[in-house]
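The values are calculated or read from the model by the stated rules, or taken from the named source; none is laboratory data. Since the model is a prediction, treat every value here as computed from it, not as a measurement. All Cβ positions, glycine included, derive from the backbone under ideal geometry; neighbour counts span all protein chains shown.
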């Protein structure tokens, strides 16, 4: 709220804008203000934080500043992802919509993610960056955890059912997203990705992989693999993507 007041926003509008911003954040987890007994004003003024701090022109400028810092491989995959967002798959033409970026620690994978977020957001493309762990999520723009976004049951098993329906708040939010960037993919058990694939197919009513949305996987197989309780090496490897 202090940020809005700092930008000379009147107190009443600052309060409304703060609640509006809180609502946007918890909406990603399928919650609303009423779930926390916070006031819901149907006359909310859509006073976007982006309008104050991160408007379209600023996003364009940010992407333009970051672009020269990308190496050839980062630029190539960024261009491929952005091109995929402009194409819709069909039975006749199944464009590549699944991407994977590998690289050791310190190879600026997160920088590539944040460049894509700035570049696509400036074109009104909604993106989310769920990570398998909360620590990894704190490094990302548009951050969330995979559990917070897709609501898989705990524990999740091969036969687990989905917790999100197309008409739920979470389902409606997911339908607005065009680009999913999954961080630390190498740590995600394969049955979690399979469940996510099935969920997005139902939410988007589309039988293409992951509901036909653009999925950008990122991770490194030089770190811990998915955790399999008392699992042998073969079982752990089998649990990987």
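Tabulated values for the structure
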quantity	calculated
Options 174, 149, 199; residue that is assigned to a helix (DSSP H, G or I), within 18 Å of the chain's Cα centre (by Cα), crowded, with 21+ Cβ neighbours inside 10 Å and modelled with pLDDT under 85	149
Given (1) at pLDDT 75 or above; (2) on the phi < 0 side of the Ramachandran plot, number of the condition residue 37 does not satisfy	(2)
Where residue 101 falls short, out of the listed (1) at pLDDT below 85; (2) not in a helix (DSSP H, G or I)	(1)
Residues within region 60-89 that are in a helix (DSSP H, G or I), loosely packed, with under 13 Cβ neighbours inside 10 Å and in contact with a helix residue (DSSP H, G or I) (Cβ under 8 Å, 6 or more places away or on another chain), tallied	1
Answer from 82, 20, 65 - the residue that is closer than 25 Å to residue 130 by Cβ and modelled with pLDDT of 80 or more	82
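Per-residue answers, yes or no, for (1) in contact with a strand residue (DSSP E or B) (Cβ under 8 Å, 6 or more places away or on another chain); (2) at pLDDT 80 or above; (3) surrounded by fewer than 17 Cβ atoms within 10 Å (Cβ to Cβ); (4) not in a loop (DSSP other than H, G, I, E, B):
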{"residue": "165", "(1), (2), (3), (4)": "no, yes, yes, no"}
{"residue": "182", "(1), (2), (3), (4)": "yes, yes, no, yes"}
{"residue": "192", "(1), (2), (3), (4)": "no, yes, no, yes"}
{"residue": "203", "(1), (2), (3), (4)": "no, yes, no, yes"}
{"residue": "228", "(1), (2), (3), (4)": "no, yes, yes, no"}
{"residue": "234", "(1), (2), (3), (4)": "no, yes, yes, yes"}
